[in-house]
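See structure below.
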Amino acid sequence: MKKTRLAVATILGCFLASTSLVGAQTLQTLCSFNGANGEFPNALTMGNDGNFYGTTSYGGYGHNDGTVFQVTTNGTLATLVIFNINNGGYPHAALTLGNDGNFYGTTYGGGGGSAWGTVFNMTTNGTLTTLYSFPNTYGSYGAYPNALTLGNDGNFYGTTYYGGSGGVGTIFQVTPNGTLTTLGSFSNTNGAGPNGLTLGNDGNFYGTSSTIFRVTTNGTLTKLNGTSANGLTLGNDGNFYGTTQEGGSSGHGTVFVVTTNGLLTTLYSFTGGSDGRNPTAALTLGNDGNFYGTTSAELLDGSQGYGTVFRLLLPPIVIVQPQSQTNNAGATVTFPINVAYLQPLSFQWQENGTNLVDSGNISGSATNALTITGISDSDAANYSVIISNINGSVTSSIVTLTVIDPPIITAQPTNVLALPGTNVAFGVSLTGSTPFFSYHWQFNGTNILNATNATYAIPLVVTNKAGNYSVVVTNAAGSAVSSNAALTVVVSPKSQTNYAGSTATLISSWPPPSSPSTPSRLGRSPPRSVPPTSRPASATVSP
């Protein structure tokens, strides 16, 4: 799998220093925070005006309780709200765009008295209204709310970091006018200390805590993956994208993608340099098809910074590779591939390194699933696919199609003449998929016990072994039945004693061959008719 590559164009003081990409860049820093305009930014939200809106957990001129800001796609930043504890403080989550065009959000503290967080709405010009304050009872209502998610019903859904029946967080619903209902509680086994929720295409909500989880609108929780991460964002491909605060190749955090069944793939590892480190918030999908996000800190000339805003340019990422297949001749096979992507994709399937086109029994050569109908030996080959978008391309692993042919008997078992006490054997020659053959020999049409080898041998022949022998050869694609091969046991004539003048008849059980081509007991045609050698018999005359 091709790795996501990184290069950075640094932007200081919120001014764009360069828009050029050097090499194969995938990340651009758009602006940096300086304390007065906020510290430690959270995730971004796209507004109807095409700008991004977000919060910082700390900072703000005259206070240190956090801010709400606006940033354009070229990195111009404006502070809209400075929190002062009375109207909330220390927001730790992104804003949510409501159906009314206003933004809805939460703060981790403040809201008057000793409240443990608020739910608020804000207009695009920065007018803020507190809708709900979490009481300091630490009970069923929870404490320290995370980001809100707009549901299909027009209400907002969210989580609290603490509180609830298990003391480690809750799931709640809140209406646009501030009526809040607790739906469920975390209990450590299904997660603890959750982040915000993300609405999936299936109508369920997905989120992160000490785990990655799924929750229904009635509060039923399902653990999907044990990774501890920040919030999730739904991608155009139906997968979820997110960040971790720590981990990765440098230990400074990662960007990842996870499927709805919990399969996780790391896309990028932060280095702790100008790309920032330790992201604490979810990603935001921009109108340009790329993800935008923030880091909580950056290192500039060895000193501590206040965070960055970045853009992730993602080439195709293979989540599930195609798999090799073995199937019967005439069957239909499909090679699917699961790809994470942000930009439109193109696919080109190849057979033994040569591009395929849709024709004959080939279809889907330019899609994420190649189908071959009525497979035959000519389709047995190596297959792979090249996936491309504007950010790069990747080639899948090479997989093999193995075609199982039914058995065809090319040389039948032959008739055998044998003397009692000698050894004989029957065999056949075949074409087909040899590793998959099974054999069962028969005597006069009845299966012989344990006669399952390619050759059937009879040691020390006796007269009751005379009869017809055949074999049934089977594999997954079909079966073939041989012709009968006759075993004739030759009995030598017996010595006799008779009176003078009587007639003596010496009888052998061997019939003479009808033609020179009659097979011998070794399965080969002799050059002429020669009977098997028998023991001599004598006639004695009594006076």
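Regarding region 138-263, what is the average projected area of its C-alpha convex hull, in nm²? Could the numbers behind the result be given before it?
Working: hull surface 30.4 nm².
Averaged projected hull area, Cα only: 7.6 nm².
Count the net charge of all other residues whose Cβ sits under 13 Å from the Cβ of G200, scoring Lys and Arg as +1 and Asp and Glu as -1.
Numbers: positive: R214; negative: D202, D237.
Net charge in that neighbourhood comes out at -1.
Cα-based Rg of region 229-271 per 2.2 N^0.38 Å, rounded to two decimals?
1.11
Listed highest first by mean packing, meaning other Cβ atoms within 10 Å per residue, what order do 247-260, 84-97 come in?
Numbers: 247-260: 19.6, 84-97: 22.1.
Top of the packing list down: 84-97, 247-260.
At 25 °C and 0.890 mPa s, grab the translational diffusion coefficient of region 32-183 from Stokes-Einstein with a Kirkwood Rh over Cα pairs, rounded to a whole number in µm² per second. Provide the component values of the computation, followed by the final result.
Numbers: Rh = 15.1 Å.
Diffusion coefficient, whole number: 162 µm²/s.
Can you give me the Rg/Rh ratio for region 175-327, using Cα atoms for both radii and the Kirkwood formula for Rh?
Details: Rg = 17.0 Å, Rh = 16.7 Å.
Ratio of gyration radius to Kirkwood radius for region 175-327: 1.02.
Could you give the nm distance between label points at N34 and D100, where each point is 7 Å from its Cα heading toward the beta carbon?
3.6 nm
Compute and list, largest first, the equivalent-ellipsoid semi-axes of region 318-404 from the alpha carbon gyration tensor, each √(5λ) rounded to a whole angstrom.
Square roots of five times the eigenvalues give 24, 12, 10 Å.
So if R0 is 41 Å, what FRET efficiency would T446 and S324 give, r being the distance between their Cβ atoms, rounded to the nearest 0.05?
Working: r = 40 Å, r/R0 = 0.98.
E(calc), rounded to 0.05, equals 0.55.
Over the C-alpha atoms of region 96-206, what are the Rg and the largest Cα-to-Cα span, Dmax, in Å?
Every Cα atom of region 96-206 included, Rg and Dmax give 13.3, 43 Å.
None of the figures in this text is laboratory data; all of them are computed from the coordinates on show. Quick caveat, the model's predicted, so the values are computed rather than measured. All Cβ positions, even for glycine, are placed from backbone atoms using ideal geometry, and neighbour counts span all protein chains on display.
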